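One structure is given below, encoded as structure tokens.
The values are calculated or read from the model by the stated rules, or taken from the named source; none is laboratory data. This structure is a prediction, so every number in the text was calculated from the model and none was measured. Cβ placement follows ideal geometry from the backbone for every residue including glycine, while neighbour counts extend to all protein chains displayed.
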Amino acid sequence: MRRATSSPATSSARSTIFLPEELLACDAPSPPLGLIAELTHRCPLQCAYCSNPLALDPPASELSTDDWLRVLDEAAALGVLQVHFSGGEPMARRDLEIMVAHANRAGLYTNIITSGVLLTPERMAAILEAGIDHIQLSFQDSDAVRADGFGGYKGGHAKKLAAAALIQGSDLPPTTNFVIHHGNAGHVAAMIALAEDLKAERIEIAHVQYYGWGLLNRSSLLPSRAQLDQVTDLVETARARLSGRIAIDYVVPDYYAQRPKACMGGWGQRIINISPSGKGLPCHAAESIRDMVFPSVRETSLAALWSGSEAFARFRGTDWMPEPCRTCDRREIDWGGCRCQTLALAGDASRTDPACSRAPDRELMTGAIAEMATPVTPVPRCLAAVALGA
Ligand code: SF4
Ligand code: FES
């Protein structure tokens, strides 16, 4: 029997999990809910909104199969409930099925976040045999010409439709994901219609989050306020129409918000992210904070990373907060927003997130929106010596 579903586990569910000795100390943090296993930065697509770092981990630096199996064991012992196999394109790793089977045996809920372009019938059978619980399939747009143009992969959209058919033919609940930006915000109605055709049970409509390549290309990707409002209205209308049949998750861009998101559910509080080369990160973009050292799972156990490393402790909780966060009644709701976004905008990760209207640096957010007036051609994510199927 699985210990978790794709929805966040309750604290009562977590209280039944065995905790290692070192986490039973009263000042130790609660165990993470989820592990994001970034298996590789290799990907056959070149989306300009990719949140991978500009300096991609080269294939030769990737953790071995044995390393990952040990990490999965350590995650289960630490109390992690869910593992999300991500990338890059996680299916570029030929050992993905081995990892899914291992995580499954360790009692972890398993999810693959994929573009679907490498999902053949043979691999689908192997992944099902390994006991996968969920696959999230991403699309770049609602039609092949636009999607293939943006993803830089001719024939990619057709492969995604074939992947969707394979998922639909299994017992897995189909989930589709669409990433929204200035260039495709006008196609959201068609995206929802496509997801309905594909018999999705869950649709994620997620505006670009501006990290890595997405941040580099922000001036061409950021939608206007009018586009955002139009998409929000469409999503609300679709939610009402599809209620009880298809759930729609909606992720908005921080740039037009009054309050920031609780990024990762709070730094070092719910998620542990392992990069392809093995660095333990509180979030996928944490390496952009250059003055921090992130230990590797090659030398440090997951439990020690989580409860003992300076990197995870630095912005955990509320003690680190400056004003106005320190005395704000939302400080344990959004945990001061996103550290990486704050660094990117304000040059200092320890300030209040400019996504907050109370932030002293709020005008930086307004300035970023103003850059939209002079968009440039987006830079496609680099292929980074793609050697697929290693
Ligand atoms: Fe959140 Fe800080 Fe803004 Fe309060 S002041 S809403 S804690 S970011
Ligand atoms: Fe790093 Fe938000 S992406 S804290």
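Which pairs turn up if I take residues in region 274-296 that are over 21 Å from ARG42 (Cα atoms) and look for partners that are charged (D, E, K, R) and away from ligand 1 (no atom under 16 Å from the Cβ) with beta carbon separation below 6 Å, at least 6 apart in sequence or on another chain?
From residues that are over 21 Å from ARG42 (Cα atoms), the pairs are PHE294/LYS279.
Anything in region 339-362 that is of a type in the set (S, T, N, Q) and touching a residue at least 40 places away in the same chain (Cβ under 8 Å)? List them, or say none.
Selection gives GLN341, SER357.
Take the conditions modelled with pLDDT under 95, assigned to a loop (DSSP other than H, G, I, E, B) and surrounded by fewer than 22 Cβ atoms within 10 Å (Cβ to Cβ) and apply them to LEU364. Does it pass?
no
Show the residue pairs meeting these rules: Cβ distance below 7 Å; 6+ apart or different chains; first residue within region 249-270 and in contact (Cβ under 8 Å) with a residue 40 or more places away in the chain; second residue among the aromatic types (Phe, Trp, Tyr) and more than 15 Å from ligand 1 (Cβ to nearest atom).
GLY268/PHE312
May I ask you to say which residue of THR352, THR342 is more than 30 Å from THR65 (Cβ to Cβ), of a type in the set (Val, Ile, Thr) and outside any loop (DSSP other than H, G, I, E, B)?
From the options THR352, THR342, the qualifying one is THR342.
Looking at region 322-345, which of the residues that are more than 14 Å from ASP254 (Cα to Cα) and crowded, with 19+ Cβ neighbours inside 10 Å is nearest to ligand 1 (Cβ to nearest atom)?
Here the answer is CYS325.
Count, please, the residues in region 239-290 that happen to be in contact with a Leu (Cβ under 8 Å, 6 or more places away or on another chain), aromatic (Phe, Trp, Tyr) and within 16 Å of ligand 2 (Cβ to nearest atom).
Qualifying residue count for the region: 1.
Yes/no per residue for (1) under 23 Å from the mean Cα position of the chain (by Cα); (2) under 28 Å from MET372 (Cα atoms):
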residue: ALA147; (1), (2): yes, yes
residue: LYS154; (1), (2): no, no
residue: ALA164; (1), (2): yes, no
residue: LEU172; (1), (2): yes, no
residue: ASN184; (1), (2): yes, yes
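Where in region 201-287 are there strands (runs of 3 or more DSSP E), lying fully within it, with 2 or more residues that are away from ligand 1 (no atom under 16 Å from the Cβ), buried (at least 23 other Cβ atoms within 10 Å of the Cβ) and not acidic (Asp, Glu)?
By residue number, 202-207, 271-274.
Tell me yes or no: at least one residue of region 299-318 is in contact (Cβ under 8 Å) with a residue 40 or more places away in the chain, among the β-branched types (Val, Ile, Thr) and either away from ligand 1 (no atom under 16 Å from the Cβ) or within 20 Å of GLY347 (Cα to Cα) (or both).
Taking every residue of region 299-318 in turn, none turns out to be in contact (Cβ under 8 Å) with a residue 40 or more places away in the chain, among the β-branched types (Val, Ile, Thr) and either away from ligand 1 (no atom under 16 Å from the Cβ) or within 20 Å of GLY347 (Cα to Cα) (or both).
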